[in-house]
Structure formats: C-alpha cells, structure tokens
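Since the structure comes first, as structure tokens, the remarks are kept for the end.
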Amino acid sequence: MNTPQHSHFAEDVLKGLTTKEKHVSSKYFYDDNGSRIFMQIMQMPEYYPTACEFEILSQQSGNIFDTINFTTKFNIVEFGSGDGIKTRQLLKAFMDKKAQFTYIPIDISQEANDALQQNMKTALPNLDIQPRTGDYFEVLNELSAGTLPNLFLFLGGNIGNYKKDEAIDLLERFNADMKKGDMLLMGMDLKKNPRIIQLAYDDPHGITRSFNMNLLQRMSRELEADILSDQFDFYSNYNPKNGEVNSYLVSLKKQSFYSKVLDTTFHLEKDELIWTELSRKYSFEEINALAEATGFTVKNNFLDCRHYYTDSLWV
Ligand code: AVI
C-alpha cells in the first residue's frame with residue numbers, strides 16, 4: 001500500500017494534535033495572510049520590539065560599526081531578512097562610514113528575496129547586495145569557507161521563539177559554521193514590566209488574536225479540514241518568573257474535525273489548549289549564559305532608550 005506524501009505542515013499538525021499536550025508551531029503562522037497580519041502587529045504601538053530595534057539600528061549603527069572594527073572588506077549576512085526596513089538603517093550607517101561590504105540576505109522564499117533586493121536597490125542604489133535563497137546552514141557553510149570576515153544578523157527577536165534546547169542547538173550550529181573573528185548581532189527582547197509584555201502579546205485591537213486564529217484558517221484550507229473557527233478562542237500569558245510568553249488556541253467546546261488531506265479526525269475537549277507560540281524574554285545574565293553555553297562571548301549590548309530590547313553583539 002502506498003503511504004501518502006504530506007507537507008511538513010500536514011505532518012506536524014498530525015503529530016502536534018494527536019499528542020497529549022497539543023501543539024502547532026508558530027513557524028506556521030507565516031502564510032501570505034499571516035505575514036500580512038504580522039506586518040500589522042509590527043505597526044501596533046503595543047508591540048514595542050519593532051520600534052525598539054528600529055531605534056537601535058537608526059541611532060547606534062555607527063557605534064556598532066566602530067565596535068565590530070572590521071578593517072578589511074567583509075560580508076553582512078542576514079538570516080530571515082523580512083522587509084529589511086530595520087536592516088536598511090544599519091546598512092546606510094555602515095555605507096556612510098565608507099565601509100566596504102557585501103550584503104547577503106538569506107531567505108527560503110525567492111519572492112521575498114526579489115522584493116527585498118528591489119526595495120534595497122531603490123533606497124540604497126550603491127549597495128552591493130547578493131541575496132541567497134535556501135537553507136541558512138548551506139549558505140553559512142559556503143561563506144565560512146571564504147576568507148572575508150562576516151557579520152551575521154539575526155534580528156527581530158526571533159531567537160525568543162525557539163525552545164531553550166532548540167535555541168542552544170541553533171546557536172551552536174551558527175557557531176560551528178563561523179570562523180574566528182566573525183560576529184553575530186542578535187535581536188533579543190528583555191524582561192521588563194510584565195504589563196508591557198502582556199499587552200504586546202494580547203493587544204486590544206485583536207490583531208495578535210487574528211494572527212493565531214489564522215492557523216486554524218490555514219489548517220482548514222491546506223488540510224481540507226472542517227474546522228469551525230468561532231468554536232475557538234485565543235489566550236496568551238506572560239510569566240515574569242520564567243520570562244516566557246506562551247500563546248494558545250482554546251477549544252470552546254468538546255469538538256471534532258476531520259481533515260481530508262490527513263484522513264484523520266481530531267478530537268478536542270472543552271477548554272483544551274493548543275499551544276501555538278513561545279516568545280522568550282531575557283535578562284542580561286541569561287544572555288551571557290546563553291552565549292557562554294553556545295561558545296560565544298558577548299561583546300556589547302546595544303539598547304533602546306527605554307532598555308526594553310537589545311541588539312546583542314557576540315563573538
Ligand atoms: C517573530 N517573533 C519574534 C514575534 C515575537 O515577538 O515573538 C512573533 C509574534 N508573536 C506575537 N506577536 C509577535
């Protein structure tokens with residue numbers, strides 16, 4: 001008998017919704033609609049990380065360049081570059097300093113890379129940009145074999161979306177593929193007044209709610225599932241003790257739905273949770289410990305004026 005070939009999404013939903021603690025990863029938030037909703041999140045006043053990182057890169061990139069102190073030509077390699085508006089601030093400041101570099105954004109989507117290249121070329125016509133489409137580590141491996149020093153960018157606080165062991169694993173892999181002298185600039189959200197964090201992840205406009213509910217719409221569409229979205233709620237909670245924001249979909253009644261693609265019926269109890277996202281917040285001690293555990297040293301933390309967020313420079 002032939003076993004059907006399913007997408008990663010289908011496989012992960014099957015696994016995640018048939019275990020005791022149900023889970024669908026936040027990496028599946030970002031279909032076309034989800035990416036649009038995320039843009040709206042980044043524009044909300046409650047979601048401070050974007051504004052903080054924009055401020056840091058607008059005001060301190062000259063300082064970042066002086067701290068990096070690369071004296072030869074180098075590469076700026078960005079993992080998961082998005083729309084590039086924040087990165088553009090850094091690139092512009094580096095160009096103003098007459099730095100000689102090639103900007104290499106890496107994205108799995110060719111379309112995202114094309115759009116980014118177009119935008120960057122319009123804003124910074126003299127920028128040497130060489131986008132790469134594909135897996136982070138394939139590109140990383142290739143670059144570490146070259147002679148030029150690299151500054152790696154992992155911005156936006158994305159590291160906070162990885163579980164602790166996964167974050168360690170990812171950073172160890174980065175480290176293994178970096179050569180002596182290469183540096184990593186990583187956006188990390190800091191622990192702060194819990195109300196500020198809570199509001200950023202449970203906003204009064206309901207945008208973060210739609211961001212999570214979109215997962216149900218994606219499942220309905222791509223897995224051909226008869227999910228009734230209005231039978232679910234969204235719940236998000238920040239725990240200042242462990243620095244974790246955890247987000248969930250909540251089943252409002254005992255219910256079942258059937259996916260044609262997976263040929264499976266899924267069952268949910270009333271009030272049962274589907275965990276969707278972890279968003280970790282860090283103290284400086286935790287940042288140092290994470291760097292140390294993965295073979296790095298923290299060279300400097302570049303903070304916004306409210307000290308909500310850091311772009312942490314690691315060697
Ligand atoms: C992409 N990532 C860093 C965002 C975060 O803050 O964890 C995703 C997000 N989830 C809800 N709001 C924003």
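Read-outs throughout are calculated quantities, based only on the coordinates presented, and are distinct from any laboratory measurement. Because the structure is predicted, anything quoted here is derived from the model rather than measured. No Cβ is skipped: glycine too gets one built from the backbone with ideal geometry, and neighbour counts run over all protein chains shown.
Just to check your reading of the model, which residue among L171, L143, L148 is away from the ligand (no atom under 16 Å from the Cβ), crowded, with 18+ Cβ neighbours inside 10 Å and within 25 Å of V298 (Cβ to Cβ)? Spell out how you get there, then give the answer.
On the way: L171 fails: away from the ligand (no atom under 16 Å from the Cβ); L148 fails: crowded, with 18+ Cβ neighbours inside 10 Å.
Matching residue, one of L171, L143, L148: L143.
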Practice problem: State whether one or more residues within the range 195-215 are over 20 Å from Q40 (Cβ atoms) and assigned to a loop (DSSP other than H, G, I, E, B). | Solution: no
Exercise. Report, ordered by the first and then the second residue, all pairs with beta carbons closer than 6 Å, sequence separation of six or more or different chains, a first member in the range 130-157 that is in contact (Cβ under 8 Å) with a residue 40 or more places away in the chain and within 30 Å of E244 (Cα to Cα), and a second member that is of a type outside the set (A, V, I, L, M, F, W, C) and away from the ligand (no atom under 16 Å from the Cβ).
Key: L140/D177
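If you go through the range 93-119, how many residues are aliphatic (A, V, I, L, M) and assigned to a helix (DSSP H, G or I)?
So the first thing to find is which residues in the range 93-119 are aliphatic (A, V, I, L, M), and the list is 93, 95, 99, 104, 106, 108, 112, 115-116.
Then keep just the ones that are assigned to a helix (DSSP H, G or I); that gives 93, 95, 112, 115-116.
Adding up the residues that qualify gives 5.
Specify which of the listed residues (F94, F79) is away from the ligand (no atom under 16 Å from the Cβ) and crowded, with 19+ Cβ neighbours inside 10 Å. Talk me through it step by step, then tell me what you get.
On the way: F79 fails: away from the ligand (no atom under 16 Å from the Cβ).
Of F94, F79, the one residue that is away from the ligand (no atom under 16 Å from the Cβ) and crowded, with 19+ Cβ neighbours inside 10 Å is F94.
With the requirement that a residue be of a type in the set (A, V, I, L, M) and out of contact with any Phe, Trp or Tyr (no Cβ under 7 Å at 6 or more places or on another chain), what does the range 108-128 give you?
Looking only at the range 108-128, we keep the residues that are of a type in the set (A, V, I, L, M), and these are 108, 112, 115-116, 120, 123-124, 127.
Passing the criteria: I108, A112, A115, L116, M120, A123, L124.
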Quiz item: What number of residues in the range 240-266 are in a strand (DSSP E or B) and loosely packed, with under 13 Cβ neighbours inside 10 Å?
Solution: 2
Practice problem: Taking Y103 as meeting all but one of (1) within 19 Å of the chain's Cα centre (by Cα); (2) of a type outside the set (A, V, I, L, M); (3) under 29 Å from D304 (Cα atoms), write down the number of the exception. | Solution: (1)
Practice problem: Tell me which residues, restricted to the range 37-60, are away from the ligand (no atom under 13 Å from the Cβ), surrounded by fewer than 18 Cβ atoms within 10 Å (Cβ to Cβ) and in a helix (DSSP H, G or I). | Solution: F54, S58, Q59
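Does the range 197-225 hold any residues that are away from the ligand (no atom under 13 Å from the Cβ) and over 20 Å from H8 (Cα atoms), and which are they?
Result: P204, single match.
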Exercise. Go through the range 5-36 and give me each residue that's among the β-branched types (V, I, T) and part of a loop (DSSP other than H, G, I, E, B).
Key: T18, T19, V24
Quiz item: Here are some residues: I104, I159. Which one is within 16 Å of the ligand (Cβ to nearest atom), of a type in the set (V, I, T) and surrounded by 14 or more Cβ atoms within 10 Å (Cβ to Cβ)?
Solution: I159
